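A quick write-up on the structure given underneath.
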Amino acid sequence: MPPPNDIVLRTVADELLELVKKSRKISVEEASKKLKMPIASVQALVDFLVEEKVFGIEYKFTTPYVYLYKEGVKQDKIKEKSFAKELITKEQFYEKAKEKNAPYEHIEGMWRKYLQQNLVNIREEFLRKSREKKIPEGKIKELWKKYLAYL
């Protein structure tokens, strides 16, 4: 298996993010047309990404416009330090995405993207907790491989 940084997984959420970056502000309807997706699916992704503070949303009359929420995109050192507190399990991620009505066919791709972005921190946390429990190094490597297969 190649190192995680060599593989780039592109999801519809990535395409939506790039579209919003280019447009600075775009209506959900226009984004849906450009992405060739149903409005309901785009709206579900937008709702999820607003919740995660990647996007902001404002309304002009009854039309929702999406824009980039600056704090959501920046990768602060503070976030890295408190990563363990923000770490969520696969089950929590899926549940949260379902609550936001994200289309099921996109959830796995969003989970893979989350893993790709956070794998180094997840591994560091895994190693830290394993060493806290005084698990032998050889066993830690074996457990990490099993955990990685689960993810």
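The values are calculated or read from the model by the stated rules, or taken from the named source; none is laboratory data. Computed from a predicted model, the values in this text were never measured in an experiment. Reconstructed Cβ throughout: ideal geometry from the backbone, glycine too, with neighbour counts over all protein chains shown.
Of all residues in region 120-151, those being under 13 Å from LEU87 (Cβ atoms), over 23 Å from the mean Cα position of the chain (by Cα) and not in a helix (DSSP H, G or I) number 0.
Return yes when LYS100 is modelled with pLDDT under 85 and among the charged types (D, E, K, R) and no when it is not. The answer is yes for LYS100.
Using the structure shown, decide if PHE93 is of a type in the set (A, V, I, L, M, F, W, C), farther than 22 Å from ALA31 by Cβ, modelled with pLDDT of 85 or more and not assigned by TED's automatic domain parsing to the domain that holds LEU45. Show your work before the answer.
Working: of a type in the set (A, V, I, L, M, F, W, C): yes; farther than 22 Å from ALA31 by Cβ: yes; modelled with pLDDT of 85 or more: yes; not assigned by TED's automatic domain parsing to the domain that holds LEU45: yes.
Here the answer is yes, as PHE93 does meet what is asked.
Restricting the first member to region 20-35 and to residues that are without any contact (Cβ under 8 Å) to a residue 24 or more places away in the chain, and the second to residues that are surrounded by 15 or more Cβ atoms within 10 Å (Cβ to Cβ), the beta-carbon pairs closer than 7 Å and six or more apart or on different chains are SER32/VAL42; LYS34/LEU19; LEU35/VAL12; LEU35/GLU15; LEU35/LEU16; LEU35/LEU19; LEU35/VAL42. Just one of the numbered conditions (1) closer than 20 Å to LEU148 by Cα; (2) modelled with pLDDT under 80 is not true of ARG112: (2). Residues in region 45-68 include none that are modelled with pLDDT of 85 or more, more than 25 Å from GLU18 (Cα to Cα) and either touching a strand residue (DSSP E or B) at 6+ places or on another chain (Cβ under 6 Å) or charged (D, E, K, R) (or both).
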